[in-house]
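Read through the structure below, which is laid out as structure tokens, and then see the notes.
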């Protein structure tokens with residue numbers, strides 16, 4: 001936990017530094033563009049890979065989540081094995 005807190009402080013300090021010093025952002029973009037010009041850019045995910053839909057991931061349609069949330073508010077039990085984090089409002 002201490003490491004996470006320390007890292008978050010460094011990240012916040014970096015964000016403040018970038019927001020208060022726009023020259024750093026300009027230099028970073030210049031470095032990035034130079035790298036891309038030299039080595040090119042390659043998509044990390046091939047175009048033939050299908051992005052999974054909600055139904056692919058959870059086996060139900062998104063509308064079912066709303067129905068299940070409404071039912072859980074009325075005291076009815078959740079069905080279809082819906083993950084609890086999806087059932088909470």
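The values are calculated or read from the model by the stated rules, or taken from the named source; none is laboratory data. Keep in mind that what you see is a predicted model, and the values were worked out from it rather than measured. As a convention, Cβ positions derive from the backbone with ideal geometry for all residues, glycine included, and neighbour counts pool all protein chains shown.
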Take residue 31 and tell me if it is in a helix (DSSP H, G or I) and either touching a helix residue (DSSP H, G or I) at 6+ places or on another chain (Cβ under 8 Å) or in contact (Cβ under 8 Å) with a residue 24 or more places away in the chain (or both). no
So for the range 49-56 (the condition being part of a helix (DSSP H, G or I) and surrounded by 10 or more Cβ atoms within 10 Å (Cβ to Cβ)), does at least one residue qualify? yes
Regarding residue 19, is this residue at pLDDT 85 or above and surrounded by 10 or more Cβ atoms within 10 Å (Cβ to Cβ)? yes
